[in-house]
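Here, each number is a calculation from the coordinates, and none is a lab measurement. Not measured: the values here are computed from a predicted model. Glycine gets a Cβ as well: all are built from the backbone with ideal geometry, and neighbour counts include every protein chain shown.
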Amino acid sequence: MTGSLALIWPAMAAAFLASLVEAVEALTIVLAVATVRGWRPAGLGAFAGLSVLAVIVTALGPLLGQVPLHLLQLVIGILLLLFGMRWLRKAILRAAGVIPLHDEATAFAAETAELREQARRSEARLDWLAALASFKAVLLEGLEVVFIVIALSAGRGMLLPASAGALAACLLVAGLGFIVHRPLARVPENTLKFAVGVMLSAFGVFWTGEGLGVDWPGADLTIVGFAVLFLAISGAAVAMLRWPRAEVLP
Amino acid sequence: MSALATVLRELVGLFVDDGALALAIVAIVALAGIMATLLPGAPLVAGAALLFGCLGALLVNAARAGRR
């Protein structure tokens, strides 16, 4: 159950940061539901979402052990590349101002407005719809957390550190949400997505290569080098996208 | 049924946001796989194709999205 030190800290940090982003997004929806319809449907929906997640993890966990390591690394690596580079692309475009930044306060306002509109249309079904919104948010964001934890572990015995990182983030966000009762709008989400996108893409290249039989020089430490390269290219992309805009500014 | 379709759509959305980037990644991995098969004595060639292919795809895709 122990991976090399070179992998443990990046895996734990990536799981923590990614889970922080996902937990903040789920919390925004759950708080919106609680604000409009009270804590009962919000809590029931969130609890149901967590229960389905627990069933999925319990069912999938033993199955993963049956898959040959190279195949597991290849499949997980490709999924990590798709997932990580998708995050990184979005973070680059947001950092460059091509697309607007994600705003939890706006997401909270949109969700409460949607729930109030549903209340106007069908009061009787609203508790059910509100619980469903809470359930869907927790399930979908939770699935991303589960995927990230499994992907970062990928047969290298890092399930414990990655799980610890994810659990710490979820508990931190749930605790803060419980205390402040407001969406956590001050979390620098794009910076976190940028960092996580870089790390997941680096892990993705590493696992995919290992799955294809590549014996990376420097072994696990290569991931750090890959992360530096992804960071440099992403920084260059942001600068390149900002540059023409700067010319037209007064 | 529509709730299930929504969940499935969102599940696919976890991995595919921009179709061109997703296709490019799959093509690069396939190319690296072919190279690893054809050149079993030099697996690092496949590794280099994978790494620099992904970096290039990200840069080109971001540049294109910025021009749109």
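Screening the range A:212-221 for residues that are more than 9 Å from chain B (Cβ to nearest Cβ) and at negative phi and picking the one that is surrounded by the fewest Cβ atoms within 10 Å (Cβ to Cβ) gives A:221. For residue A:11, are the conditions met, namely being farther than 15 Å from residue A:152 by Cβ and of a type in the set (Gly, Ala, Ser)? It is false that residue A:11 is farther than 15 Å from residue A:152 by Cβ and of a type in the set (Gly, Ala, Ser).
Being under 19 Å from residue A:173 (Cβ atoms) and either in contact (Cβ under 8 Å) with a residue 60 or more places away in the chain or assigned to a helix (DSSP H, G or I) (or both) is the requirement here; does residue A:13 meet it? Step through it out loud before you land on a result.
Numbers: under 19 Å from residue A:173 (Cβ atoms): yes; either in contact (Cβ under 8 Å) with a residue 60 or more places away in the chain or assigned to a helix (DSSP H, G or I) (or both): yes.
When the stated conditions are applied, residue A:13 passes them.
Would you mention how many residues in the range B:18-39 are assigned to a loop (DSSP other than H, G, I, E, B) and touching a residue at least 24 places away in the same chain (Cβ under 8 Å)? Here the count works out to 1. Given the condition surrounded by fewer than 20 Cβ atoms within 10 Å (Cβ to Cβ) and within 12 Å of chain B (Cβ to nearest Cβ), answer yes or no: does some residue in the range A:31-49 qualify? No, the range A:31-49 has no match at all.
Looking only at the range A:63-70, decide whether some residue is within 14 Å of chain B (Cβ to nearest Cβ) and in contact with a Gly (Cβ under 7 Å, 6 or more places away or on another chain). First the steps, then the outcome.
First, the residues of the range A:63-70 that are within 14 Å of chain B (Cβ to nearest Cβ): A:70.
Now drop any that are not in contact with a Gly (Cβ under 7 Å, 6 or more places away or on another chain), which leaves A:70.
Scanning the range A:63-70 turns up at least one residue that is within 14 Å of chain B (Cβ to nearest Cβ) and in contact with a Gly (Cβ under 7 Å, 6 or more places away or on another chain).
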